[in-house]
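Data first, discussion second: the structure below is written as structure tokens.
The values are calculated or read from the model by the stated rules, or taken from the named source; none is laboratory data. The structure displayed is predicted, hence computed values, not measured ones. Cβ placement follows ideal geometry from the backbone for every residue including glycine, while neighbour counts extend to all protein chains displayed. Please note that ligands, DNA and RNA were not included when accessible areas were found on the heavy atoms of the full protein model with its side chains. Shrake-Rupley method; radii C 1.70, N 1.55, O 1.52, S 1.80 Å.
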Amino acid sequence: SSAETNAVTGNRIFRSGGNGLSNAGATGNYFYDNTVESTVGYGLNCDGVSANNYFDSNTVTDGGSYGVYLAADSNSITGNRVENNGADGLFVTGGDSNTVTGNLVARNLAYGFNIANSTANYLYNNLADSNSNINLYLSGTSQDNRIDSNTVVNGNSDGISLAADSNLITNNLVENNI
């Protein structure tokens, strides 16, 4: 059975040997104002048949892997701070129709935002700053994604890199990427 309609708020997860917060195969859950630090696995994990979950105002720092790993459809990732993780700040793979807005993704050791093999996602008003690889990357079969009004700065590679077809990239500020 799956977990539904839970509120997970105000928790501090520190030095977890696995993922910080995992939401696998669950729907309608709300993750708000949690702090996830120094995990071995993903900071926030949402995969499987998870849908209609909300990750809002969480802080994910100093993890050993992805800050946020999203392999599910129709979820909302809003107002989170994702910094200093060992892989991508926010990795969407095989996830469709997700909304990613108002997040700070900075100083992660791979990509800032990595959207791979995902369709119809909306990235709006996010800040990707000083990530070690491409700040915002679309690849594989990713299509019909809308990347709008994001700030993409100070990356150690391309600001925005497209290796996918049929996406809308509009009104973004891209500055000081090497």
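Considering amide H positions built from the backbone, and no H for Pro or chain starts, which residues 5 or more places from Ala51, or on another chain, come under 5 Å of its amide H?
Residues meeting the criterion, in which the H sits 1.01 Å from N, are Ala26, Thr27, Gly28.
Report ³J(HN,Hα) in whole Hz for each residue of the range 155-170, in order, from the Karplus equation J = 6.51 cos²θ - 1.76 cosθ + 1.60 where θ = phi - 60°; Gly and Pro get x.
Each residue's phi maps through the Karplus curve to give x, 8, 7, 4, x, 10, 10, 10, 10, 8, 10, 6, 10, 10, 10, 8 Hz.
Under the √(5λ) rule applied to the eigenvalues of the Cα gyration tensor, what semi-axes describe the equivalent ellipsoid of the chain? Give them in Å, descending.
24, 18, 13
In debye, nearest 20, what is the charge dipole magnitude of the range 1-108 about its Cα centre with +1 on Lys and Arg Cβ and -1 on Asp and Glu Cβ, if you could check?
The dipole magnitude comes to about 260 debye.
Which order do the peptides 156-168, 86-98 come out in when sorted by mean C-beta neighbours inside 10 angstrom, highest first?
86-98, 156-168
Each residue of the range 4-9 in order: what ³J(HN,Hα) in whole Hz does its phi give by Karplus 6.51 cos²θ - 1.76 cosθ + 1.60, θ = phi - 60°, with x for Gly and Pro?
9, 6, 9, 10, 10, 9
Whole number in Å², please: accessible area per residue of the chain, 1.4 Å probe, ligands, DNA and RNA not counted.
41
Kindly write out, for the range 34-42 in residue order, the coupling ³J(HN,Hα) from the Karplus curve 6.51 cos²θ - 1.76 cosθ + 1.60 (θ = phi - 60°), rounded to whole Hz, with x marking Gly and Pro.
Once θ is set to phi - 60°, the couplings for the range 34-42 become 9, 10, 10, 10, 6, 8, 7, x, 6 Hz.
Share of the range 49-109's accessible area from carbon and sulfur, percent, 1.4 Å?
The value for the range 49-109 is 45 percent carbon and sulfur by accessible area.
Past the 17 angstrom mark, what percentage of all C-alpha to C-alpha distances in the range 47-106 do you count?
34
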